[in-house]
Each structure stands twice: as structure tokens, then as C-alpha cells.
């Protein structure tokens, strides 16, 4: 679809861009003080996000999914992931209200950057062209680098930002090289064009051509793996999560990961369209699936094993988020309709439970000024509601019923098993075994909160802040969706299709 | 003739890159990088990409490298930091293998057959007609990137030391 | 030899550069940049090495653009240069902020986060 | 009055979820006294309802009774499907009784977080009852995992010195088991989808397609389920979590753990292992019998060398549950009936034995076998009750233990006489270690600093009375208890009987 006719389909993105621009311009020209500043700007950001969400829900359906001459592809999956990105950003805005980790004179920039990040994630999840993928990844990355280094109370945050830039720069450099090779090999940049070239060219699917394509894909995978924090491109993750301001860490662990998964899935189905319909038929995609399968196995295992040794809750959750990337990769490997559907369900669940867990960390941090597991001792007595919410999130992250996390894992494993075949079932077994390992470190937090008592006189944990409120609110759907998960089934049904 | 120029420029670029990696003094290394960037611009000219070559000189060699030099000199911190020697050895070996593999693979796939260019291929006119027709969306989005960079400069640059 | 007309006058009517030459150059630069990133310990120099990697990819794009006669490669390089500028700006700004607080930009010494 | 009619056909839902609601009220109540009232109501009312429904249970019917079925996730064929048959109904009653008695026993004995203690037991009860009533595989799995969380806290918070370690070990072991079960469950669902083109997680639907599953695959699936169940039973060599968990858990926790939790595994074999994958079960039977026999002998041997009373009783559980496994995998009606009644017996007598150990530990803060002596003189009532319980556990004719073990051995004899011989050895070993324990604790020289111990209080006696009653009644007149499960067991054995 040409440019002008495409515009109605990107109204959410337009709304986000306008909101960000409004935030920056208002701050520069008007510089309001007091309440207008404290409340007005976050409200403006939330309003913009809400508008984007409404536009997204009401977006006109179109028979032709490709917009701007193939730069953007919109399918149910991308629509869903865009929704996840926008909601996650809105939650991060809420989490930031009154957070001490953000400098008070830079709040407006923070919100503007968040909205731009949401824009980047939306574009990334619907990018259907290598150049769009690159630009969108860079928008997401650049805003993330800056937001990771936003906290000005000592060097932890700036250090996190710098490490993020360095790792991110190299990852995107490698990916770029991979893109250049793809461009050279295929002479085309749109994913559909690549798919057609791959299907029809014999030089590319045999002999050296096949290996050259695979080499390029490995390079590309470095960049995408970096975005979803998959092993071996995960090294930045614990440091950045720990150093970045917690409200942003919460978003970082969900939003860019969701967009990364969207683009990973789209990349696969773009190159091998049969992956979207009948994954078993896509024999030429086997090396790609093998790569992803190995990546999934290694990612969840490394993430879970490393998390066992962490004493800092943010680092623990960082490794746990690496492990969850591994779980979600299982859905990517499964392919078909079930795979993306399962990934979508898991993303929805992960959005709620992981942001919830970070909200608890943020709430505790506000009074205890620490993320060490030691300050969680006796939390069950000091702040029962908060501890209960955290327990729900942790059990959900483990994948125990009756929480939403169980449903998410159920869909992922089921998608693999439904695909059939020994290796797929084996991957599912690795996945469930990893859930058992993960129980070990999640239970450590449970134990700290409920079974240990606090040493000395710990600071009382206040519930009267946005983070605690958000945590308690998010615990409700985590439980409710675990018991009644028809909405999740609807998500799986809706977003299973990619084109 | 073109081939000779290309080989000269390529040698210059590789030399600049290697020096940028190896020179202990950061200022010298940055200078070496500028040599590499200019040589690359020359190669762009040879590859019928005059517009990109100009951008390369103006933005890369001009703006970005000035920024680097500015920071290096402004901070005035000791930058003679030794290299990780064993990594250098291992990296060179791995890099060599990688090179061999990549080139070997690509040679098997791509023909060296040169094609004649269309009229004005790579000129500013041609670039702009494609840029503002087909790729106008990425072009607009690139401005978002620059906006973020500007905000970064303001937020981080004007930060009062704790 | 086929005739072709390219922008610069002095590039005209010459033999075209074989694709394999440019790809070799690109791969060499990419390897040098990657190795450099691994061996350098100063954050500024690591950023410099990232710039080398980006340039390597750019050369490949321009060469392939010539090969396929597709302007997309040029557009891409245009975008990459802008991205490089933004990345360098943010990276250098973070380095300055950090150097003000710590007085070091040596990555080995950035240890407040257990790495 | 028919309890089922009284509850409008929702008897099982009420039985399962009433404790949970009461548990929430406990947790929210203002004083521990109010919480105790809620706890007694929350476990007592279902018990009364259950007892009232006993007459309404049709023992002659083979199918499920009081079935409730509501769509849950229709797109995947998952439903809220509950029902009991002759195998699960006794276990439901056992759960109701033991939870109620545990709570009665606990009142006034717990000082820390009392309200949550009651609540945990009530929530645990919901999970346990759900496991026995669920007829949908996902529903079953949810209840199965549900049990872990309250039990983790019961052991981990109110337990002994090494409680945190024991709680985590219990949690990890059982979750490891259920992990494999989950995969097998999904594979079976996939096979069902392949066979019929529709999704269903209903137990009955899966039974209907069991013949379409390749025997080799059946063995794998059965093994995955069996792994999970064997950990829960626990069959040797998967039992290592049990001594730790039992020893560290608070008294009432041990009672439920031994009395009900272990039955989940054995019940799993009967309800799921055998009917869903009969061919797999037949192939795996020699191994399972071997594990059962190993459990009987090694559990007894381990009991013999224990110096800690609680550990002794814990290891005796391994031995007794070995009989259950043996009975089930003899694939004879006698064996299965023996296993079923042995499950109930073990719940009654071992649960009661844990109470006895708890009572003496509370009074003396000791529980070594050699710490006591002459208790028969100082605490006559306590000694009498204990000896009856021990004799029941040993399998003295006239008490309940005999019925179960005799039937299991008879079944084993039918299957292969060697099995019967080895298991009979276990009965003798049980007599050796239990009676030598009785001799050391209740007779002999009285320990000097044990004078002035108070005997059982009236409340403690009241807790034991119903247990003793059943121990004697089942021992003397077992027929009605056997008849209840006969029809259901016949149906279960249909696919595996030689």
C-alpha cells in the first residue's frame, strides 16, 4: 500500500510521536512548575499512550497487510505486540510517579523518551523490511541507553548506560554486517522479497549459498538476540537491569523483549513463509530452527543457573528474564499457528507478572534503599499485602498453577508438543526441568519474605506509593488469569497468525 | 587505473583501522580513524556513490570524529591503557578464520561480473528521489533518533556532579 | 567492456572494481573492528572500534548496491551514518557523565555493578 | 437426609472449596480465637457433610457419582469436572477426617502466626480434596501443584530446626516429578487431538482413546506419570525427601503429609497410571513391583536403625506404602483392594503415630528412642493408645493393618509367589522394629527425669477416639470398606488384568 493510504493504519505511532513532541516542546517553551509539572506531564504521557492504544484497537482492518510499500507489515500478532508495548510503557509511567531513582528536574524528558521508546517498539514489532527493522531497533536501543543511564544519584546508572551502549553498539554492528550480507546475497531488503528469493533461487538454497545465508542469519541473530537478551548476547542484561532506574528496568524487561520476539518471528516467517502455516514442511528452515532451539536451551539453562547465585533482586530478576527469553524461544521454534500464539500468551502473562515483580522491588527500594535480598527478610510481616503480591508474581514466574504463568508455560510446551517430533518434545522437557530449577531461586525470595525474620529494626515499607499500588493491582490479574484463562486463549487464537 | 586507486585506498583504510585499534594514545588512534574514514569516502566515489561519499566526509569525518576528539581531549584522562594482549592474539586468529570463511562463502555465491550503471546512479538526485519516495518513513524516523541524541546531550551533559 | 556513466568524472570509463575486492576489504575492516572492541579497555576506544565495524558494513552496502544496481544500499548507509552519530553522541555523553563521577573510563574498572 | 440433595448437587464443590473460604476468613480474622472457630467450622462442616453423604454413596455402581461438569476453557476442551468413585471416596473421607483432627489437635499449640497456620491447613485441604475429585487432567494438575504451596509454608514456617531445607527439598522434589507429568499430559492431549481432531483434557475421553496409543509410547507416558507419582508415594529410591519433610514438619503437618499427601501418589497410579496407559503399566509392572518390594524391605531396615522416633515412623511409611505399590501392580483385585484399604489404614495409624510422637515431644522436647523408658507406668493411657496403634501398624489380626497387608500379600501370591514371600518378610521386619521400639519406650527402666508427665488430656483423647474406632472396625469387619471400592477397582483393572 502506498504512503498516503497507509497513514490511517499507523495512527497509534503517529499519536505516540505527537505526544513525545508535545512533551519536549512544552518543557522547552513553557517550563511549568509545581503540580502541573509533577502530575500534568505524566498525565499527558499516559493520555498519549491511551490514545495510541485506542487507535490500535480501532485500527481499520485491511485486506492488504503491507504498508508504505512493504516497510511495515501489520498482522494480528504485531497488533497484539504493539498493544503489549504500549501497556508496558504506560505501566512504566505509572511506576515512575514519585520514584526517587529519577532526577526530579528531568521527569519530562523521561516521559518523552518513554513514549519514543514505545514508538520504536511499535515500529519494530510490525517492521517488514530490513531497513525498518534496523531503524526501529536503533530507536529502541538509543532511547534505552539513555534511560538506563538516567539516574543521577551516583555512578551505577551511568555505568549501566555505558555498558549498554558498548554491548548494544557491537551487537547492532554485527547485525548490520549480517544485513549487508543479506542485501548482497538476495539483492532485496523486504522480508517478503527475501522469502521469494530464497524459495526460487537454487544458488541460495544449496551448497555455498546456503552456508552464506546461514552465516548472514547468524550475524542477524546476534542483534536480535541482544534485544531479547538471549545467551550468548545476554552479558549486558544483569548489569544494565541493576544499574538502570527500576521503573525503566521493569519496562526494559518486557517491552523491547516483546518487540524483539515479534521481529524474530516475522524474520522467520518472512524468509520461510511455510513456518507460519505448517512448520513441519519448512525443511529449508531447519538450520534456523536448530539455531533457535539451541539458543533456547542454552538461554533458559544459563539464565536459571546463574540466577541461583544472585543476592540482588534486580540481578536475580535480570537472569530470570534471560531464562524467560529462553522459554519464549520455544514458541518461536514451534512455529505454525500455535507457536506465535503461545508466544503472545506468554508475553501477555510476562508483561503482568514481571512488571509486577519489579513494582514490588521498586516499592521496597523506596523505603529500604536497597535491592538486596536481605531487606526482604520478614517482608511478610512488615508489608503482608506487598509480600503476598510478590509471592503471586514469583509463583507465576515459576509457572505454578493457579497463576497466569502456568497458563503461559502450558501454551508454550503445548505448542512444541503439538508440533511433534522427538527434538521438539525434548526441548519441552528441557523447558519444564528449567522451571524446576527456577523454583529454587524464586523460593529463596519466598523464604526470605515469609520464613526468615528481619535482623534489627528494618525501615517500615510504605504502601502509599504508585509502585506498591501497581504491584497489588497487577497481582489480581496474575491470579485471575490463572484460574480463568479464556481471555488468554482468545489472545492465542487472535495473534497466532503472522504474514 | 581505478583498480590501483582502489588498492591504495583500501590499504590506507585498513592501515587506519589497524592503527586506530593498536595505537596506545587515544588522540593518535582517533586521527588514524579519520584517515580510515576519508579513505572509505574515496572508495565510495569509486563505487559510484558520490553522495554518500560527501556525507561520509561531512558527517562522519567532520562531525562525529570531532566529537570523539573533543571528548578525548576535554576529559584529559590518562588514556594509555594497555591492550588485552592475549585477547589480541586469540582475536586475530579468530578474525582471520572468520575472514577466510566469509570471503570463501561469498565468492562461491556472487559473481564478480560488473554491471553497467543506470544514468546518474548514486548521484544526489537519484538518492533523494528514492529517499523521499520509497524510504520517506525511515527518513522521518531517523529524525527521532537525532532527537533522542539531542535529549541525551542535554540530560547527561547538564547533569550536576553529585 | 560495457560503458557506464557514474557520478564522478574520473571514475568513468574505467574498469569496475571486482565485488570480491570490496567484500574482502569490508570483511577485513569488520574483523579489525571486532578484534579491536575486544582488546581495547577504554570505553572511548571501544566506541571507536564500533565505528570501524559500522564502516565495514557500509562499504559492503555500497558495493552490493553497485552490484545489484539498487539505490537501497545508499539509503541504508545514509541511515547508518545518522545512527552512528546518535550512538556516538549518547555514548560519549555517558562517558563524560561517568568520568565526572569516577574519573575513569577504563571498562575494567567499572565494577560497581558486579559483572 | 440426603446430603447431596441438600447441597443442590454441588456436594463435591462445597466439600472442596468450603475449607478455602474458611481459610481466607481465618487469615483475615482479628484474633487467633476467632480464627480457631473458623478453622473448626471450615474443616468440621465439610466433615459432617461428607459423613452425611456416606449413605448416599452407591457402592454397587462402578462409575463416578455426584458428577459436576462446567465448561472452563471450552476452546481446549478443559472443563471443571468433578466426581468420586469407590477409590477416591474413601480418600476424600480420610482427608476430611484427618484435617479436622489435625486442626483440633493444633488449637492452642501454635504460637506463631496462628491464623495463617489454620489457613494453610484449610487451603491444603482444598488442594488434597481437589486431587481426589478432579476428573479433568488440567484441573487435576492444578490441584496437584496447589498442594505444594501451603505444605511448603507449613513445613518451612512452623517446622523444626532444619525446616527451610526440608521445605525446599519437598517442594523441589515434587515439582520435579510433576514437571515430567506435565509434559506427558500435553503429549497425551496431543495424541487425543490426533486421534479425534478435537481438544479434550477429560479423563474419560482419554481413557476412550487409550487403545490408539502405541504401546512403546504408552510406556514412556506411563513412566513420566509414574515418576511423579513415585516421588509422591514415595517409592524407593525417590523417598529421600520424605524423612526430612516428616521430621521437620510440625506434628499436624506430619499427620497430613503421611496420612493424605502420600496417598496422592498411590491414587495417581490407580486413577491415571493404569487406566490411561494400561499397556505401559503392564510393561512397567515388574519394575514397579521391584520398587515396591525394595521400599518394603529397605524402609523397614531403615526404620530399624533409627534413633529418632519421628524418623522411625517416617521410614515405616516408606515400608507401608511399598505394600500399596505392590498391591496395585499385582494387577489382581485382591491386591488392588488391599492397596486401597492399606492407603486408608496407613493414613489412620501412621497419622495417629505422628500425633503420639508429637505429644511426647511437646511434653519432653525429646524424641529419641532411648530417651524414654517405662512410659507405660507414667502415662498409662498414652501407652495403651500407642500400643494399639503400633499393633495396627504391625498388622496384628483383628486390627485394620492386617486386612490391607493380608490382601496385598494374597494378591501378590496370585501374581507371583515370590512377591508374596518377600513382602511377608517385610511384615516380620515391621514387627521387629516396631515392637523393639515399644519395648524401649514403654517398658524397661524409667528415665529419671521423666516423672510427673501428664497423661493424655481429654482433647487429645478425643482426637484419638475416632481414629481408634476406625482402626478396630476395619480390623474386625472390613467387608463394607472393601465393597465400596470393588466396582471401581474392577473397572480400573480391566485394561491391565492378565
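Each reported figure results from applying straightforward, stated rules to the coordinates on display, with no laboratory input. Keep in mind that what you see is a predicted model, and the values were worked out from it rather than measured. Every residue, glycine as well, gets a Cβ built from its backbone with ideal geometry; the counts of neighbours run over all protein chains shown.
Side notes on the structure shown:
- Of the peptides C:83-94, D:325-336, the ranking by mean beta-carbon count within 10 Å, highest at the top, reads D:325-336, C:83-94.
- 10 Å binning of all Cα-Cα separations within chain A, expressed as whole percents from 0 upward: 4, 21, 32, 27, 12, 3, 0, 0
- Pairwise inverse Cα distances across segment A:188-325, averaged and inverted, put the Kirkwood hydrodynamic radius at 16.2 Å.
- Degrees separating the helix D:278-304 axis from the principal Cα axis of chain D, which is the longest one: 10
- CD proxy at 222 nm, helix term only [per DSSP H run n ≥ 4: -39500 (n - 2.57); per residue of the protein assembly as shown; nearest 500]: -24000 deg cm²/dmol
- Relative to the longest principal axis of the Cα atoms of chain D, the long axis of helix D:380-394 makes an angle of roughly 30 degrees.
- Per residue, the Cα convex hull of segment A:19-106 amounts to 120 Å³.
- Antiparallel DSSP beta bridges within the protein assembly as shown, as percent of all bridges there, nearest 5: 95
- Stokes-Einstein diffusion coefficient of segment C:19-110, Kirkwood radius over Cα pairs, 20 °C, 1.002 mPa s, in µm²/s: 149
- Residue D:363-residue D:30 FRET efficiency (beta carbon distance; Förster radius 25 Å; 0.05 resolution): 0.20
- Taking every residue in D:290-297 and counting other chain Cβ atoms within 10 Å of its Cβ, the average works out to 0.
- Within 10 Å of the Cβ of each residue in A:439-451, the mean number of Cβ atoms contributed by other protein chains is 4.
- Translational D in µm²/s for segment D:189-253 (Stokes-Einstein at 20 °C, 1.002 mPa s, Kirkwood Rh from C-alpha pairs): 149
- Between residue A:5 and residue D:214, the distance separating the two model label sites (each 7 Å from Cα on the Cα→Cβ line) works out to 5.1 nm.
- Our summary gives chain B a relative contact order of 20 percent, counting only alpha carbon pairs under 8 angstrom and 6 or more residues apart.
- Part-to-part distance (alpha-carbon centres) for segment A:65-79 and segment A:191-227, which is given in Å: 21
- Alpha carbon centroid spacing (whole Å) that separates segment A:95-141 from segment D:114-174: 43
- At R0 = 41 Å, FRET efficiency that the Cβ-Cβ distance of residue D:458 and residue D:424 yields, to 0.05: 0.50
- Tilt relative to chain D, helix D:479-493 - C-alpha long axis, 0 to 90 degrees, to 10: 40
- Kirkwood hydrodynamic radius (C-alpha pairs) into Stokes-Einstein, segment A:124-282, 10 °C and 1.306 mPa s, D in µm²/s: 97
- Distance from the Cα centroid of segment A:1-55 to that of segment A:293-337 is 34 Å (rounded to whole angstrom).
- Percent of C-alpha pairs per 5 Å bin, segment B:2-118, short to long: 2, 10, 13, 17, 18, 17, 12, 7, 3, 1, 0
- Put simply, the Cα atoms of segment B:123-162 extend 51, 18, 7 Å along their principal axes, the longest span coming first.
- Most to least packed among B:96-107, D:254-265, A:205-216 [average Cβ atoms within 10 Å]: D:254-265, A:205-216, B:96-107
- Taking 7 Å steps out from each Cα toward its Cβ at residue A:62 and residue A:479 produces label points 4.4 nm apart.
- Modelled spin labels at residue B:28 and residue D:477, positioned 7 Å past Cα toward Cβ, are 10.5 nm from each other.
- If you model the protein assembly as shown as an ellipsoid using its alpha carbon gyration tensor, with each semi-axis the square root of five times an eigenvalue, the axes come out at 66, 32, 27 Å, biggest first.
- Evaluated over segment A:289-431, the Cα radius of gyration and Dmax, each in Å: 16.2, 51
- Equivalent ellipsoid semi-axes - Cα gyration tensor, segment D:3-493, angstrom: 35, 27, 20
- Column: log10 I(q)/I(0), Debye, Cα scatterers of segment D:52-207, q = 0.10, 0.18 Å⁻¹: -0.47, -1.15
- Shielding by partners, peptide A:128-136 (average Cβ within 10 angstrom, other chains): 5
- Protection proxy ranking of D:429-436, D:315-322 - average other beta-carbon atoms within 10 Å, highest first: D:315-322, D:429-436
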